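Shown next, in structure tokens, is the structure this report addresses.
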Amino acid sequence: MPDSAVVSAQEATKPLKSPTGQRKSKILVISPCPPLPIGPAIHLNYVTRALVRDHQVDMICGDFDTILGSMLSASDVRRELEANARGVRNLWIVPFSRGAAWFRLAVGWLRGTPMRIAFCNSREFAREFRKRLSEEKYDLVWTHFGRMEPFVRGSGLPVIVDLHDSMSLRHASLAQVERNPAKRFLHKLESRREARHEAKLISRGYHLIVNSAADARHLERSGAEPSRVTVLPNVVEWQELENSPEDPSLESTILFSGSMSYFPNQDAVRFFHDRILPKIFAENPNATFCVVGAHPPKWMLGLARDPRIKVTGFVPDLGAYIKQAKAVIAPLRCGSGVCLKVVQALALRRPMVATSHGARGLDVEHGKHLLIADEPDDFARQVNALLKDEPMRARLGNEGCALVRSRYSLNSIFQTVQDLVSRVSVN
């Protein structure tokens, strides 16, 4: 990325004509990351593509959440921005100093501010936001993640805050499974602080977006009007996944995928490996377990000392691995929102075994779309039954695929986004 404080991508992202032939609203999107098709930016990528169909969209992004040094090179990032910000009228990227961000986090934590909000509260970003408001009249501000909300206070514009998940709910669930007393205390503390922040979002009259009905109900119990909360689920571009190559060398019996820097995924791997996998190996000694995802910690890499276990790290084509798995698992015990790994596997007709937490927020039925088990013995029993029963694997795969492609495809969110923008900008 260039070193300048603000990068304009206007030349690379000239606006496209909308399907209706007209632009309805001028929208300013603010986000800690550009709309890249990876990691925390995937949801923004989809929302951006929905917004530019009918609206003029400008975007201010930070650069610290893009995982630039590990997943994509600088040239990859520029290429992805040109492809995935197409239709955005102006895209400004505001570099963040990580040293300053960690200092803000420390000071903010002592003042009782949620850590992620203190970390992102950049003066440079605030200055850029005020500058754009002074130069252009917008109809609406769309904030990607609740951590960006402090920038829009006092803007006088209608605001949509895309929370993704309820962070108070996430930290509460993390506290339930965390074994380290100090970390458990921090999660409980952050849950209380995030709950206060969510209450302030509600009191300020913003329209809130979450990706599961469970998170929406949590906000409503906290005082949010149901009319001011929208569920915008995680979706999957199943056509791209389906185009992944068929590679028998990637074959596995059981597969788990996700970002391995995310604690709920680490906990799921440890829980499955320690308490479930031995029961599966006892009945299926030739089974293999594949863990796919970026940033596996050292202890997880060490699991591959068992030749039946493979830990891949980042892979460029997740779909190719999912296609070669006999069964996919989601043994999550904590976290919030909708589990994208479940949607991805079902979209490719892979039979799935998940915990209740792994399947939360999805309109799935046990025994029809997937199998649900929470206790280690039951989870192992369900996996072993699935491995033995090919007709059941095919039936679950077909039913799950039909559900995802009808309810969780990219097209399914386009109309929701358009209706929401029309309603909020008018109000």
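For the pairs 131/183; 310/388; 183/323; 298/341; 24/200; 188/310, note any where the Cα-Cα span goes beyond 32 Å. As for pairs spanning more than 32 Å Cα to Cα, those are 131/183; 183/323; 188/310.
As a length-normalised measure over Cα pairs under 8 Å and 6 or more apart, the relative contact order of the stretch 238-407 settles at 24 percent. For the stretch 304-413, just say rounded, prolate or oblate: build the C-alpha gyration tensor, square-root its eigenvalues into a ≥ b ≥ c, call rounded for a/c under 1.5, and beyond that prolate if a/b exceeds b/c, oblate if not. Since a/c stays below 1.5, the shape of the stretch 304-413 is classed as rounded. Between residue 286 and residue 134, the FRET efficiency from the beta-carbon distance, with R0 = 60 Å, is close to 0.35.
For the chain, the fraction of alpha-carbon pairs lying more than 32 Å apart is 38 percent, rounded to a whole number.
In degrees from 0 to 90, rounded to the nearest 10, what is the angle of the helix 98-110 Cα long axis to the longest principal axis of the chain? Once rounded, one gets 90 degrees. The relative contact order of the chain, computed from alpha carbon pairs under 8 Å that lie at least 6 residues apart in sequence, is 14 percent. Each label point was placed 7 Å from the Cα along the Cα-to-Cβ direction; for residue 412 and residue 200 their separation is 3.5 nm. When both bridge partners sit in the chain, DSSP labels roughly 5% of those beta bridges antiparallel. Only DSSP H runs of four or more residues enter the estimate; each adds -39500 (n - 2.57), and after division by the residues of the chain the mean residue ellipticity at 222 nm equals -13500 deg cm²/dmol. Taking the 0 to 90 degree range and rounding to the nearest ten, how far is the long axis of helix 123-135 tilted relative to the main principal axis of the chain, both from C-alpha atoms? Result, in degrees: 50.
Under 1.5 on a/c is rounded, so check that first for the stretch 124-189, then, if it is not, pick prolate when a/b is larger than b/c and oblate when it is not; a ≥ b ≥ c are the square roots of the alpha carbon gyration tensor eigenvalues. Prolate shape, in that a/c is at least 1.5 and a/b is the bigger ratio.
Between the alpha-carbon centres of the stretch 289-367 and the stretch 99-156 there is a gap of 34 Å.
Of interest is the spacing of the C-alpha centroids, which for the stretch 224-274 and the stretch 390-413 amounts to 14 Å. A simple charge model with +1 on the Cβ of Lys and Arg, -1 on the Cβ of Asp and Glu and nothing else charged puts the dipole of the chain at about 1040 debye relative to its Cα centre.
Over the Cα atoms of the stretch 131-269, Rg to Rh with Kirkwood Rh, two decimal places?
Numbers: Rg = 19.0 Å, Rh = 17.8 Å.
Checking Rg against Rh, the ratio lands at 1.07.
Any read-out appearing in this document is the output of simple, stated calculations on the displayed coordinates, not a laboratory observation. Just so it is clear, the structure is predicted and the values come from calculations on it, not from any experiment. When we count neighbours, we look across all protein chains shown, and the Cβ atoms used for this are built from the backbone with ideal geometry, even at glycine.
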